[in-house]
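The values are calculated or read from the model by the stated rules, or taken from the named source; none is laboratory data. Being a predicted model, the structure only gives us computed values, none of them experimental. Please note that ligands, DNA and RNA were not included when accessible areas were found on the heavy atoms of the full protein model with its side chains. Shrake-Rupley method; radii C 1.70, N 1.55, O 1.52, S 1.80 Å.
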Amino acid sequence: MIPTQLSSLPLTTDVLIEFPRWVTQYCDHTSIVLEVGAGKGKDGEAAPIQQKVARLIGIDPDSAIAQNPYLDERYQMSIEDFAKDRDSGFDCLYTISVLEHITQPREFLSACRSLLKPGGMLFGVTPNLWHYFGMATKLSASLGIEDWLLERLIGAQAKASYHFPTAYRLNSIRAIRRILEQTGFQEVEFRCFDHPNNFEYVFPKLLRWFPSSYSRLVYTITLQKIMGLIMFRATA
């Protein structure tokens, strides 16, 4: 088993602030960085990264990547296709809310590994399979009612604006660690947290007390493995 660190971040952690901060701790003005699943950059998380590195390149199979204003280069393709004719020229790769959609985890992480320089870093953040949100999403997808359920919880327009089919094959600590090891990564650090605001939107008003109660519980008993969000840093 590859060397692994596991810790928790404060309940109030804002992923759109903390994740870019973590990535840029391992980058400088000479770094070439790749965002996998860059999309149209609607949350702006790439802006502080682009400001601190030499080049920020983005890839995404979705045509929305053409609208992303934070990239120096854009490619509409999958990571597997992107990696076919490129060598290990990147100092850092990162991906935000993508791993839960990956249907072929080993092929995905193999492509990531092949693009990294020796000692390069792969960063990721994803909802945790073993959190109540992850388990409910996995179950609804397995039953074929994911779209139907989301439309009733958040509305058809909101669902259409951001939702992609989920697979939940690469978003638990155990699965990520195992496949990182299989694909040649040398070590991994996990940082988990559970901000209730990230999940309240899917609850009806009468049940919006539940995310806060759950967060207090998992922090009280220090159960990182069932906190809502997983961030990780893996070394090639």
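In the structure displayed, which of K52/K117; K138/K205; K52/K225 lie more than 21 Å apart, Cα to Cα? As for pairs spanning more than 21 Å Cα to Cα, those are K138/K205; K52/K225. With respect to the chain, whose longest principal axis is taken over its alpha-carbon atoms, helix 15-24 is tilted by about 20°.
Could you give the Stokes-Einstein D for segment 45-133 in µm² per second, using the C-alpha Kirkwood radius, 25 °C, 0.890 mPa s? Don't jump to the answer; show the numbers that get you there.
On the way: Rh = 14.1 Å.
Once the numbers are plugged in, D ends up at 174 µm²/s.
Per residue, the chain reaches -9500 deg cm²/dmol at 222 nm when only DSSP H runs of four or more residues are counted, each adding -39500 (n - 2.57).
As a length-normalised measure over Cα pairs under 8 Å and 6 or more apart, the relative contact order of the chain settles at 25 percent.
Summarise the long-distance tail of P(r) for segment 5-46 by giving the % of C-alpha pairs beyond 16 Å. Summing the P(r) tail past 16 Å for segment 5-46 gives 50 percent.
Solvent-accessible area assigned to carbon and sulfur over the chain amounts to 54 percent, based on a 1.4 Å probe.
Ranked by solvent-accessible area (1.4 Å probe, protein heavy atoms only, all chains present), the residues V15, V125 order from largest to smallest as V15, V125.
Accessible area per residue for the chain, computed on protein heavy atoms with a 1.4 Å probe, is 49 Å².
Using a 10 angstrom cutoff on alpha carbons, build the Gaussian network for the chain and name the most mobile of I221, I57, I32. Among I221, I57, I32, the largest GNM mean-square fluctuation belongs to I221.
Taking every Cα-Cα distance in the chain and sorting them into 5 Å bins starting at zero, the pair-distance distribution P(r) comes out as 1, 6, 14, 18, 20, 18, 12, 7, 3, 1, 0 percent.
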